[in-house]
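Values in this text are rule-based calculations from the coordinates and carry no lab data. What you see is a predicted model; the values in this text were computed from it and never measured. Neighbour counts run over all protein chains shown; Cβ positions are idealised from the backbone, glycine included.
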C-alpha cells in the first residue's frame, strides 16, 4: 500500500431539499474541503444505478489530512451553520477512508473526460485477496477500449486489519451495470458487495 489515500462520502437529501443541498455542496462544502491542505483532487458524481444518489471523492496525500487542524476546524461540532442544517436531513450517509493499494495509482481521472464511474466494494481479509481480485478485474476490464482509469484502495479496521477493497473504474463511454457485471463475472471467485454506477456531476448554469 502507498501513503496516498481516498475519502469517499455518499448521501442523499429528501427531494424537497435537493436544490439547496447542491447549492450547499457546490458553493460552500466542496470548495471548503478542496482548499484544505492534503486534499489533492475532488469530484462529485450522481448515481445512475445503485444508491445513494450523491457521491464525492477526495484524493488525499495521506490519511493525516483528516487529522489536521485545518480539517478539524471545519468538521464535526465546528461545521458551518449551513452544514448543520443540511447534513442531519440526509440519508444514506457513508464515509470511507481508504489507502491506495497499488503504487501506480494516480490521482482520479478528470471527470470532464469520463462518461461514467463504476464503484465496487469487496469484503476481504488480507492483501493477497485484494491482489487476486484486482488481477481478475484487470484481466477483463483492463482490455476494454473505453476504460480510462482503474484504481484500488483498501480500508482497515481499528486494529489495522484490512477489511475492504474498493475499486474505481472510469470509462470514456456510457456503460450499464448489466453490461459491466457481464464483463466482470466473479474476479478471483468473488462477487462485489457494492456495485454502483455514477455519472460526473456538473452544475447547470
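Taken along its principal axes, the alpha carbon cloud of the stretch 5-200 reaches lengths of 47, 37, 26 Å, longest axis first.
Ranked by the mean number of other Cβ atoms within 10 Å per residue, highest first, peptides 166-179, 19-32, 83-96 order as 166-179, 19-32, 83-96. Each residue in 47, 116 was given a count of other beta-carbon atoms within 10 angstrom of its own, and listing them fewest first yields 47, 116.
From most to least packed by mean Cβ count within 10 Å, the peptides 188-195, 37-44, 130-137 give 130-137, 37-44, 188-195.
Here the convex hull built on the C-alpha positions of the stretch 111-190 has a volume of 83 cubic angstrom per residue. Normalised by the number of residues in the chain, the mean separation of alpha-carbon contacts (under 8 Å, six or more apart) gives a relative contact order of 28 percent.
Of 106, 148, the sequence from fewest to most neighbouring Cβ atoms within 10 angstrom is 106, 148. Shown for the stretch 13-114 is the translational diffusion coefficient from the Stokes-Einstein equation, using the Kirkwood radius over Cα pairs, a temperature of 20 °C and a viscosity of 1.002 mPa s: 142 µm²/s.
Taking 7 Å steps out from each Cα toward its Cβ at residue 183 and residue 46 produces label points 2.4 nm apart.
Only helices enter this figure: runs of n ≥ 4 DSSP H residues, each worth -39500 (n - 2.57), summed and divided by the residues of the chain, yield -5500 deg cm²/dmol at 222 nm to the nearest 500.
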